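Data first, discussion second: the structure below is written as structure tokens.
The values are calculated or read from the model by the stated rules, or taken from the named source; none is laboratory data. This is a predicted model, so every value here is computed, not measured. Here Cβ is always computed from backbone atoms with ideal geometry, including for glycine, and neighbour counts include all displayed protein chains.
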Amino acid sequence: MRALAAFVTALAAATGAAPALADPAAGHGNSPRVNYLLHCAGCHLADGAGKPDRGIPDMRGQIGHYLRTPDGRAYLAQVPGVANSALSNREIADVLTWMVPTFSRAEAPAASPPYTEAEVAALRASVPADIPAERARVIARLNAIGLAVR
Ligand code: HEC
């Protein structure tokens with residue numbers, strides 16, 4: 001975590017963001033990228049590769065597919081790391097809108113509306129009880145429309 005904090009501070013310096021904003025306790029005012037690094041990358045790594053051998057999926061070349069169905073789009077805001085995040089609905093909306101094309105541009109629909117604060121609020125308030133089962137349903141529907149999503 002210390003290495004991550006140092007990295008984020010260096011990143012903030014490199015991008016011209018005030019280092020004081022790189023505070024893990026509050027995402028307010030941070031760019032979506034910095035919020036991702038502070039709130040998500042500890043598990044998902046900076047490049048979205050995750051740790052598949054430890055159950056953290058590789059998001060690269062994958063998560064763009066989910067925007068092709070309404071339930072897939074919803075699922076991205078309902079996984080525990082997102083739904084239970086300390087980030088606000090507005091910040092989550094901005095992180096998701098930044099994250100999908102960053103890690104999976106080729107798979108995402110060409111025109112996909114940004115996530116909105118109200119959308120994220122509604123999705124966080126209606127999280128399916130069984131997220132692994134929901135993921136399986138999302139993948140099955142994508143397969144059914146001809147996408148070879150694993
Ligand atoms: C404590 C570790 C941890 C943190 C922090 C975390 N996640 Fe996750 N994430 C996981 C795990 C584990 C999964 C696999 C599903 C599950 O078991 O919840 C996952 C699944 C996902 C998925 C679904 C990927 C797929 O292909 O099914 C997305 C999208 C995601 N996380 C985004 C985020 C975002 C965005 C954040 C930060 C706001 C975040 N996560 C924070 C551990 C984490």
- Query: Looking at Tyr115, is it within 18 Å of Gly50 (Cβ to Cβ) and among the hydroxyl-bearing types (Ser, Thr, Tyr)?
  - Reply: no
- So which pairs qualify, if the first residue must be in the stretch 121-137 and closer than 18 Å to His65 by Cα, the second must be part of a helix (DSSP H, G or I), the Cβ gap must be under 6 Å, and the two must be at least 6 apart or on different chains? Glu134/Tyr75
- Which listed residue, of Pro109, Pro114, Pro101, Pro80, is within 8 Å of the ligand (Cβ to nearest atom) and either among the small types (Gly, Ala, Ser) or under 20 Å from Pro32 (Cβ atoms) (or both): Pro80
- Of all residues in the stretch 53-72, how many are free of Cβ contacts under 8 Å to residues at least 24 places away in the same chain and within 10 Å of the ligand (Cβ to nearest atom)? 5
- Item | Per-region count, the stretch 115-140, residues assigned to a loop (DSSP other than H, G, I, E, B), within 16 Å of the chain's Cα centre (by Cα) and aliphatic (A, V, I, L, M) | 1
- Query: Can you tell me which residue in the stretch 94-114 is surrounded by the most Cβ atoms within 10 Å (Cβ to Cβ), limited to those that are touching a residue at least 40 places away in the same chain (Cβ under 8 Å) and in a loop (DSSP other than H, G, I, E, B)?
  - Reply: Glu107
- List the helices (runs of 4 or more DSSP H) that sit entirely inside the stretch 37-90 and contain at least 1 residues that are at pLDDT 95 or above, surrounded by fewer than 20 Cβ atoms within 10 Å (Cβ to Cβ) and of a type in the set (A, V, I, L, M). 41-44, 70-76, 80-83
